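J.: Okay, handing you the structure first.
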2 protein chains.
Amino acid sequence: MPKIRSIVSAIALASSISVASAWDALPTKAPAPADNPTTAEKVELGRILYHDPRLSSTGTVSCASCHNTMLGGEDNRPNSMGVHGQTGGRSAPTVWNAAFNEVQFWDGRAASLEEQAAGPVTNPIEMGMKSWDDVVKRLASIDGYPALFNKAFGDNSISKDKATKAIAAYERTLITPNSAYDKYAKGDKKALTAQQIRGLNKVVELGCVSCHSGPAFNGPGSFQKFPVIDNAYLEKQYQLSADKGLFEVTGKSGDEHFFKVPTLRNIALTAPYFHNGSVKTLEKAVKVMARVQLDKKVTDAEVADIVAFLNALTGEFPKQQMPTLPGTLGTSFN
Amino acid sequence: MPKIRSIVSAIALASSISVASAWDALPTKAPAPADNPTTAEKVELGRILYHDPRLSSTGTVSCASCHNTMLGGEDNRPNSMGVHGQTGGRSAPTVWNAAFNEVQFWDGRAASLEEQAAGPVTNPIEMGMKSWDDVVKRLASIDGYPALFNKAFGDNSISKDKATKAIAAYERTLITPNSAYDKYAKGDKKALTAQQIRGLNKVVELGCVSCHSGPAFNGPGSFQKFPVIDNAYLEKQYQLSADKGLFEVTGKSGDEHFFKVPTLRNIALTAPYFHNGSVKTLEKAVKVMARVQLDKKVTDAEVADIVAFLNALTGEFPKQQMPTLPGTLGTSFN
């Protein structure tokens, strides 16, 4: 479990950020852990596994079903739909730029992409496989996978460790650089409109950058309490407090309602908003955030400026070849 | 409804096929109807629509979910899983080379790819949209679609007619040429192994080509009765007669148990087999076909030869770029 910075230290850090240094363009490469260096062969295997619905019990749900690489990296639903049409209580976070999160899942319970990748596959309401042993057995039964694992890892054997490493390696390539904001951050001062610059300044003024700063707008702290301020009216509409976040994992007093700080990259493409997907529009999400996190009221004009700025965080999506998944020759997969 | 050739005429036709002329390589282009010429812009729009899960009520099921372009053009399930985890009684036919079918759907109720494309979208157990009016409304609400329709059809307006034309135009590009068999048919006599050639000869000798001939192995007739011969033992195992095929559509005496003759192209990749997906392996499918269609028993060695030949019908899958689906900026799709 990664260290949780307190609200106080996060705000203290934010106050020391000068605007000039805070506005960093998104790196075009993501750092990889020492035990899983990114290689072309691993990325290729990961790309195939990521899009393979046979990683689910029914053969209908792949990683991409909920974290759609053809869309904004998720499914635009309040909550995702797993095997047999089941749904959970949280909204799928985007896979784009997830490599820049220090922790994964809304409650931050995974410290790496590798650890995250292992979870949904055996979650009964997501991909519904009984065990990773079953997953490994199924992958081994598909003609072509042993050779792909061999290319990526140097031998034919298939394991949970290798599969999740390959998926994580692929996910580290899912980066969306060159947004209007990135061009601005790199010095092209015409890349943002006057309204977008007003929005950017408002984001600083309001204090949004306490939690959403750095190149992926998801730092400096990995976690934050949400909501910070009780608001009965908004609670009734959006049930923001029903989910206790990190506390649901740790059961530790003080962890109640702590969530991973989500990236703001491509936020215009990932409606509906918040951990429970309860807020349908970005305008409303901005208003709610100002109220329950910063105790501020924002005017419609200010919201429009901020939303214009947030739209400038939509990056360029790398062109990808559609994978051809290996087949089970002359037999079905289960 | 296309004209149905009787068993008798189909067999009569088949008997006149000389082996030399019957073995045609797969064309690399599919013919398009006069009112829907294939253009790059239409194909591009169709590729996007085909992979867009927002064409389903839940936003989770696209055409590609059941007719998976990353696999053998279907889902390797006995029956497909639509919205809310619902399943029907038939197995998804492959989209690869569907352009060479004279009729579409297992019961052949659609005379064109355009007509077929309209069906699943509003089928309550498949994609579950209430009406095409709702589909059109949703597409119009997604930023980017009007411009894509404009590129493809010369104006911004969205309609069922245009959407299904674009999807059909895309599907006409889903052709898998250059199988070992195609190379053989073009004159490379070393492209097939000795076993595969034995299998090919056996297929002719048994009479499989009565129904499965021509470049896509789905002609000369579009329809065939299945099963032709009652077999209580096999019926008990596979319930092949439970579904009355074309009769379920027409209610016409004589149409009972008539089905579209499916292509044998890429058959090794499309298990499980038959309209109800009841037979898990290609070996078993060959045995059942010989028994209930041709009243023949085949030895295990003959089956192995035929299956080897059928594996030679696996073609080359065209490399495709993964589409980037247009987003709904700052709002969710419904």
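The values are calculated or read from the model by the stated rules, or taken from the named source; none is laboratory data. Computed from a predicted structure; not experimentally measured. Note: ideal-geometry Cβ built from the backbone for every residue, glycine included; neighbour counts use all protein chains shown.
J.: Among the residues of segment A:213-221, is any more than 23 Å from A:N76 (Cβ to Cβ), in the same structural domain as A:L294 (by TED's automatic domain parsing) and under 15 Å from the mean Cα position of the chain (by Cα)? Give the derivation first.
T.: Kept after step one, since they are more than 23 Å from A:N76 (Cβ to Cβ), are these residues of segment A:213-221: A:213-215, A:219-221.
With the extra rule that they be in the same structural domain as A:L294 (by TED's automatic domain parsing), the set shrinks to A:213-215, A:219-221.
Restricting the remaining residues to those that are under 15 Å from the mean Cα position of the chain (by Cα) gives A:215, A:219.
Yes, segment A:213-221 contains at least one residue that is more than 23 Å from A:N76 (Cβ to Cβ), in the same structural domain as A:L294 (by TED's automatic domain parsing) and under 15 Å from the mean Cα position of the chain (by Cα).
J.: Filter segment B:162-187 down to residues that are within 30 Å of B:A147 (Cα to Cα) and of a type in the set (G, A, S), then give me how many there are.
T.: Step one: filter segment B:162-187 for residues within 30 Å of B:A147 (Cα to Cα), giving B:162-175.
Checking the rest, the ones that are also of a type in the set (G, A, S) come to B:163, B:166, B:168-169.
Selection size over segment B:162-187: 4.
J.: I'm trying to understand the selection: among the residues of segment B:51-71, which are outside any loop (DSSP other than H, G, I, E, B), within 11 Å of chain A (Cβ to nearest Cβ) and surrounded by 23 or more Cβ atoms within 10 Å (Cβ to Cβ)?
T.: Residues of segment B:51-71 outside any loop (DSSP other than H, G, I, E, B): B:53-55, B:63-66.
Filter again for within 11 Å of chain A (Cβ to nearest Cβ), leaving B:53-54, B:64-66.
Once the filter is applied, which keeps residues that are outside any loop (DSSP other than H, G, I, E, B), within 11 Å of chain A (Cβ to nearest Cβ) and surrounded by 23 or more Cβ atoms within 10 Å (Cβ to Cβ), segment B:51-71 yields B:P53, B:R54, B:S65, B:C66.
One line per residue, one yes/no per condition, for (1) touching a strand residue (DSSP E or B) at 6+ places or on another chain (Cβ under 9 Å); (2) closer than 21 Å to A:G82 by Cβ; (3) not acidic (D, E):
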| position | (1), (2), (3) |
| --- | --- |
| B:M70 | no, yes, yes |
| B:G73 | no, no, yes |
| B:T87 | yes, yes, yes |
| B:P93 | yes, no, yes |
| B:W106 | yes, no, yes |
| B:A111 | yes, no, yes |
| B:P124 | no, yes, yes |
| B:G128 | no, yes, yes |
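J.: Moving to a separate point now. Which pairs have Cβ atoms under 8 Å, sit 6 or more apart or on different chains, and link a residue in segment B:316-332 that is more than 7 Å from chain A (Cβ to nearest Cβ) and touching a residue at least 24 places away in the same chain (Cβ under 8 Å) to one that is assigned to a loop (DSSP other than H, G, I, E, B) and acidic (D, E)?
T.: If the second residue must be assigned to a loop (DSSP other than H, G, I, E, B) and acidic (D, E), the pairs left are B:P326/B:D143.
J.: Give B:Q195, B:Q239, B:Q224 a once-over and let me know the one that is closer than 25 Å to B:N79 by Cα and over 18 Å from the mean Cα position of the chain (by Cα). Outline the logic, then answer.
T.: Numbers: B:Q195 fails: closer than 25 Å to B:N79 by Cα; B:Q224 fails: over 18 Å from the mean Cα position of the chain (by Cα).
Matching residue, one of B:Q195, B:Q239, B:Q224: B:Q239.
J.: Right, something else. Could you please find all residues in segment A:34-48 being surrounded by 15 or more Cβ atoms within 10 Å (Cβ to Cβ) and either more than 18 Å from the chain's Cα centre (by Cα) or modelled with pLDDT under 95 (or both)? Let's see the steps before the verdict.
T.: Looking only at segment A:34-48, we keep the residues that are surrounded by 15 or more Cβ atoms within 10 Å (Cβ to Cβ), and these are A:36, A:38-39, A:41-48.
Within segment A:34-48, A:N36, A:T38, A:T39, A:E41, A:K42, A:V43, A:E44, A:L45, A:I48 meet the criteria.
J.: On to the next question. Please specify each residue of segment B:107-116 satisfying the condition of being in contact (Cβ under 8 Å) with a residue 12 or more places away in the chain and either surrounded by fewer than 17 Cβ atoms within 10 Å (Cβ to Cβ) or closer than 16 Å to B:D35 by Cβ (or both).
T.: From segment B:107-116, those in contact (Cβ under 8 Å) with a residue 12 or more places away in the chain are B:107-109, B:111-116; that's our starting set.
B:A111, B:S112, B:L113, B:E114, B:E115, B:Q116, listed by residue number.
J.: A further question follows. Inside segment B:175-279, counting only helices (runs of 4 or more DSSP H) that do not spill past its ends, which hold 2 or more residues that are without any contact (Cβ under 8 Å) to a residue 40 or more places away in the chain? Even if it seems obvious, please write down each step before you answer.
T.: Working: elements: B:180-185, B:194-206, B:232-238, B:246-250.
By residue number, B:194-206, B:232-238.
J.: Could we say that B:N311 is in contact (Cβ under 8 Å) with a residue 12 or more places away in the chain, within 12 Å of chain A (Cβ to nearest Cβ) and either under 30 Å from B:I167 (Cβ atoms) or touching a helix residue (DSSP H, G or I) at 6+ places or on another chain (Cβ under 9 Å) (or both) here?
T.: Values: in contact (Cβ under 8 Å) with a residue 12 or more places away in the chain: yes; within 12 Å of chain A (Cβ to nearest Cβ): yes; either under 30 Å from B:I167 (Cβ atoms) or touching a helix residue (DSSP H, G or I) at 6+ places or on another chain (Cβ under 9 Å) (or both): yes.
Judged against the criteria, B:N311 is a match.
J.: Please find, within segment A:294-307, the residue that is farthest from the chain's Cα centre (by Cα) out of those that are crowded, with 21+ Cβ neighbours inside 10 Å and more than 9 Å from every other protein chain (Cβ to nearest Cβ). Spell out how you get there, then give the answer.
T.: Narrowing segment A:294-307 to residues crowded, with 21+ Cβ neighbours inside 10 Å: A:305-307.
After this cut, where a residue has to be more than 9 Å from every other protein chain (Cβ to nearest Cβ) as well, the list is A:305-306.
Working: A:D305: 24, A:I306: 21 Å.
The selected residue is A:D305.
Residue by residue, here is whether (1) surrounded by 24 or more Cβ atoms within 10 Å (Cβ to Cβ); (2) within 30 Å of B:T281 (Cβ to Cβ); (3) aromatic (F, W, Y) holds:
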position: A:G82; (1), (2), (3): yes, yes, no
position: A:P93; (1), (2), (3): no, no, no
position: A:A118; (1), (2), (3): no, no, no
position: A:R138; (1), (2), (3): no, yes, no
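J.: On to the next question. What number of residues in segment A:72-101 are of a type outside the set (S, T, N, Q), more than 8 Å from chain B (Cβ to nearest Cβ) and over 17 Å from A:G119 (Cα atoms)? Before you say what the answer is, go through the steps one by one.
T.: Of segment A:72-101, the ones of a type outside the set (S, T, N, Q) are A:72-75, A:77-78, A:81-85, A:88-90, A:92-93, A:95-96, A:98-100.
Now drop any that are not more than 8 Å from chain B (Cβ to nearest Cβ), which leaves A:73-74, A:82, A:88-90, A:92-93, A:95-96, A:98-100.
If we keep only those that are over 17 Å from A:G119 (Cα atoms) too, we end up with A:73, A:96, A:100.
Of the residues in segment A:72-101, 3 are of a type outside the set (S, T, N, Q), more than 8 Å from chain B (Cβ to nearest Cβ) and over 17 Å from A:G119 (Cα atoms).
J.: Considering only segment A:242-263, I want to know if a residue exists there that is within 25 Å of A:K297 (Cβ to Cβ), among the polar types (S, T, N, Q) and surrounded by fewer than 23 Cβ atoms within 10 Å (Cβ to Cβ).
T.: No: zero hits.
J.: Going through B:I158, B:I167 one at a time, which residue ends up being without any contact (Cβ under 8 Å) to a residue 60 or more places away in the chain and in contact with a Leu (Cβ under 7 Å, 6 or more places away or on another chain)?
T.: On the way: B:I167 fails: without any contact (Cβ under 8 Å) to a residue 60 or more places away in the chain.
It is B:I158.
J.: Those residues that are more than 9 Å from chain B (Cβ to nearest Cβ) and not basic (K, R), I need them from segment A:281-293; list them, please.
T.: Residues of segment A:281-293 that are more than 9 Å from chain B (Cβ to nearest Cβ), as a first pass: A:284, A:286-293.
Passing the criteria: A:V286, A:V288, A:M289, A:A290, A:V292, A:Q293.
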